[in-house]
Each structure stands twice: as structure tokens, then as C-alpha cells.
Amino acid sequence: MIESQKIQLSSPKADEPVKTRIQFKIPQTYHQEPIIYNLISDYELRVNLRSAILGKDGLGGGCFDLELRGYQQQIECALNYLSQLNVEIWHREDYEATS
């Protein structure tokens, strides 16, 4: 379900902080799960919420546009976590080095 170009492993370097942007939907069954908090605390990522659409009174799924910053390995582990929850990722940008 991820619509992205192939990640270029030669740039940025593995030991440099990177950022990526993902758009995804969290199903209603996970509304009580602190998914975004877990991305921050468990994977030590900096998360910037770019936009969100939530159903009235928590009904339906929530759609999020997040910018994730950290090391590539941290982000990959976080994306695996989302995959294990069957979170639907619509779009993912390539990694970009941060300054």
C-alpha cells in the first residue's frame, strides 16, 4: 500500500539524521492506542503533525499527515510498527537529510 519511490541508500548517510513524510489512516479500532505518542516515545522520533482529519465523536478512522525526523533505522522500525497494526499508509516520501 505504500506509494513511494525507492529509497536511495547512498544519500543520506546512515549515521545522519533524516526526515520523511507519511500520510496514513488509523482505523477506528486503534483510537484508544496512543500510536503517535508511541512513534515519539518508543522510536525516539520527532513528529510534526502537518494535518489531520478525524471523524466526529471519534467515529470512523483518522487520517494523518506526519513528518518524521530521526535516524533511518529508527524510522524504519516505526514504519514496521505501523505495518504490524495494519495501518494503511497512502503515501511516503523518500528520506531527506536534515540540517
Built amide H within the under 5 Å cut-off of Trp90, gap 5+: Gln23, Phe24, Lys25
Neighbours of Ala78 by Cβ distance under 15 Å: Lys/Arg at +1, Asp/Glu at -1, summed charge -1
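All of the numbers you see were taken from the coordinates with simple rules; none came from a lab. In this text, all values refer to a predicted model and were calculated from it rather than measured experimentally. Every residue, glycine among them, receives a Cβ derived from its backbone with ideal geometry; neighbour counts consider all protein chains shown.
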